[in-house]
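The values are calculated or read from the model by the stated rules, or taken from the named source; none is laboratory data. Here the structure is a predicted model, which is why all the values come from computation and not from measurement. Using ideal geometry, Cβ is built from the backbone for each residue, glycine included, and neighbour counts are taken over all protein chains shown. In case anyone asks, the SASA skips ligands and DNA or RNA and just uses the protein heavy atoms, side chains included. Shrake-Rupley method; radii C 1.70, N 1.55, O 1.52, S 1.80 Å.
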Amino acid sequence: MTPLIQLAEQKSAEVTDWAGRLGWVAGLLVFVVFVYWLMRQGWKWRGSLQSGLPALPEPPAEPGEARLTLAGRYHGSTTAGQWLDRIVAHGLGVRSRAELTLTDQGIAVVRPGANDFFIPAAALREARLDKGIAGKVLTEGGLLVVTWEHGDTPLDSGFRSDRAADHAAWVEAINSMSSTSSSNHASTTEGTAR
């Protein structure tokens with residue numbers, strides 16, 4: 001027989017080991033569920049470690065006139081200067097759509113489907129353009145990072161506007177507010193020390 005005729009006469013083997021295949025699929029499914037459960041436990045553990053963080057401030061009844069508004073995404077909050085140390089307490093770890101409003105009293109962050117929060121003007125430290133926060137990496141300058149103090153913990157919160165050109169105006173406005181509030185705070189402290 002020629003090799004071509006032998007190849008033509010060969011048939012592929014029938015799949016008869018269904019139990020083995022189903023066992024592998026079930027094992028893989030159990031493994032995926034176990035990994036998901038471990039991730040969830042890690043999230044809960046991180047939340048319990050951060051339970052000392054005070055409740056988020058509520059926006060004032062009279063917020064004042066809006067200086068700037070921004071529609072975009074909230075990418076998370078971290079301990080200031082540590083872009084991978086995500087804060088999950090009080091819903092700050094949940095990524096979501098966000099609408100920011102800057103007034104003389106602070107920044108109101110409205111998040112559909114997640115907890116809204118307010119950053120008082122006195123808590124603002126600085127704003128900058130960056131490329132990453134909490135495991136989210138974007139292009140250079142593609143992220144507005146606001147540094148603020150919550151309780152005794154300095155936080156970085158990352159936002160991305162639907163229009164990236166808005167970021168520069170926000171950085172300038174927040175930095176001017178934070179320098180004004182810190183100079184007012186310094187003069188108040190100086191006056192009480194005398």
Complete set of residues in region 64-91 that are among the hydroxyl-bearing types (Ser, Thr, Tyr) and open to solvent by less than 20 Å² (accessible area, probe 1.4 Å): TYR74, SER77, THR78
Which ones in region 92-115 are out of contact with any Asp or Glu (no Cβ under 9 Å at 6 or more places or on another chain), more than 12 Å from GLY76 (Cβ to Cβ) and surrounded by fewer than 18 Cβ atoms within 10 Å (Cβ to Cβ)? ARG97, GLU99, GLY113, ASN115
Kindly list the number of the only condition in (1) part of a strand (DSSP E or B); (2) open to solvent by less than 60 Å² (accessible area, probe 1.4 Å) that fails for SER176. (1)
Restricting attention to region 120-146, and to residues there that are crowded, with 20+ Cβ neighbours inside 10 Å and part of a strand (DSSP E or B), which single residue is farthest from the chain's Cα centre (by Cα)? LEU124
Lone qualifier among HIS167, HIS150 - being within 25 Å of TRP83 (Cβ to Cβ), within 26 Å of the chain's Cα centre (by Cα), surrounded by 15 or more Cβ atoms within 10 Å (Cβ to Cβ) and modelled with pLDDT of 90 or more: HIS167
Considering only region 61-72, state which residues are modelled with pLDDT under 85 and at negative phi. ALA61, GLU62, PRO63
The residue that is farthest from the chain's Cα centre (by Cα), considering only those in region 73-119 that are among the acidic types (Asp, Glu) and closer than 21 Å to ALA173 by Cα, is ASP104
